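The values are calculated or read from the model by the stated rules, or taken from the named source; none is laboratory data. Predicted model, so just to flag it, every value in this text is computed and none were measured. Cβ: placed from backbone, ideal geometry, glycine included. Neighbour counts: every protein chain shown. These area figures cover heavy atoms from the full protein model, side chains too; ligands, DNA and RNA do not enter into them. Shrake-Rupley method; radii C 1.70, N 1.55, O 1.52, S 1.80 Å.
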Amino acid sequence: MKIVMLGAPGAGKGTQAKMIAAEFGIPHISTGDIFRANIKEGTELGKKASEYMERGLLVPDELTLQLIMDRFTKDDCANGYVLDGFPRTIAQAEALTESLKKAGEALDYAIDVDVPDSAIVKRMGGRRACLSCGGTYHVTFNPPKKEGICDLCGGKLSIRKDDEPETVQKRLDVYHAQTQPLIDYYSEQGILRTVDGTQDVGEVFQSIQEILNA
Ligand code: ADP
Ligand code: ADP
Ligand code: ZN
């Protein structure tokens, strides 16, 4: 199963992608998580990426494509994957389509987690992230068992730098300009499915399961 998650920043792509990955036994691949891991380790890639991420801008396609194409060569991708945060531009989507085509493969679904901008701003303010394992929480909607501590690995939770309100607005603008066109792109390919992302986490997941098990 090869799945792409679409949706605005904060729509719940990561939250759902992790649940899909666990249910279907496929890896959850988040370009944002990979960039953040590189920033934490202080790699060259991390240094370059952080200049863009901190401003709420997209990392250039060339860098992003190098990173993701390398990730696809890992053994755990043999049965597919759920992509979260990639592709984010038409150029990235076309590169993905082409590389799959060369291998005689194709995506199964692009799932758009639909949430209006007004709800996004509320969600981002309460997001807390574990920089050790990528776990994501919300102070009200999805709190960890112990305040400030990751349920999964015991790591410390923090507020992402790019979740400050001004940067969130910038990221929403970037989303509408550069990523939203992917909805039409995948609709034309016949693989777009839309779920109402304003429901509870469990209800959104149920809608997704209905699609994937159909
Ligand atoms: P969110 O899920 O809240 O949208 P992500 O973790 O997916 O955040 O992404 C954080 C940042 O990482 C983005 O704002 C962007 O700067 C960078 N990034 C992640 N994925 C991509 C991508 N496919 N192309 C370009 N930049 C990306
Ligand atoms: P994305 O990967 O699209 O940026 P996340 O999965 O990180 O989004 O979710 C953004 C924030 O909203 C997190 O704090 C998360 O816990 C919370 N969240 C995710 N799904 C829901 C939901 N259905 N209802 C309320 N809050 C949610
Ligand atoms: Zn953790």
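When each of 177, 129 is tested for being under 15 Å from the mean Cα position of the chain (by Cα) and either farther than 18 Å from residue 83 by Cβ or within 12 Å of ligand 2 (Cβ to nearest atom) (or both), the lone residue that passes is 129.
Within segment 34-73, being in contact (Cβ under 8 Å) with a residue 12 or more places away in the chain, surrounded by fewer than 13 Cβ atoms within 10 Å (Cβ to Cβ) and either among the hydroxyl-bearing types (Ser, Thr, Tyr) or within 25 Å of residue 22 (Cα to Cα) (or both) holds for one residue alone: 69. Within segment 51-66, being within 9 Å of ligand 1 (Cβ to nearest atom) and not aromatic (Phe, Trp, Tyr) holds for 53, 54, 55, 56, 57, 58, 59, 60, 61, 63, 64, 65. Within segment 112-126, residues that are within 20 Å of residue 208 (Cα to Cα) reach partners that are in a helix (DSSP H, G or I) and not charged (D, E, K, R) with beta carbons closer than 6 Å, at six or more positions or on different chains, in the pairs 112/183. Checked against the criterion of being open to solvent by less than 80 Å² (accessible area, probe 1.4 Å) and either within 16 Å of ligand 3 (Cβ to nearest atom) or basic (Lys, Arg) (or both), segment 110-123 has at least one qualifying residue. For segment 146-194, a residue qualifies if it is small (Gly, Ala, Ser) and either in a loop (DSSP other than H, G, I, E, B) or over 20 Å from residue 36 (Cα atoms) (or both), and the qualifying residues are 148, 154, 155, 177, 187, 190. Taken as a whole, segment 155-169 holds at least one residue that is within 16 Å of ligand 3 (Cβ to nearest atom), farther than 14 Å from residue 9 by Cα and of a type in the set (Val, Ile, Thr). Screening 32, 56, 46 for residues that are under 17 Å from the mean Cα position of the chain (by Cα), among the small types (Gly, Ala, Ser) and part of a helix (DSSP H, G or I) leaves exactly one candidate, 32. Of all residues in segment 132-145, those being in a loop (DSSP other than H, G, I, E, B), in contact with a helix residue (DSSP H, G or I) (Cβ under 6 Å, 6 or more places away or on another chain) and either in contact (Cβ under 8 Å) with a residue 60 or more places away in the chain or open to solvent by less than 40 Å² (accessible area, probe 1.4 Å) (or both) number 1. Residue 122 passes every criterion in (1) in a loop (DSSP other than H, G, I, E, B); (2) within 10 Å of ligand 2 (Cβ to nearest atom) apart from (1). When only residues in segment 146-165 that are open to solvent by 40 Å² or more (accessible area, probe 1.4 Å) and free of Cβ contacts under 8 Å to residues at least 24 places away in the same chain count, which is farthest from ligand 2 (Cβ to nearest atom)? Selected residue: 154. Within segment 1-37, the set of residues being charged (D, E, K, R), more than 10 Å from ligand 2 (Cβ to nearest atom) and modelled with pLDDT of 95 or more comprises 2, 23. From the list 98, 94, the one residue that fits, being surrounded by fewer than 12 Cβ atoms within 10 Å (Cβ to Cβ), modelled with pLDDT of 95 or more and not basic (Lys, Arg), is 98.
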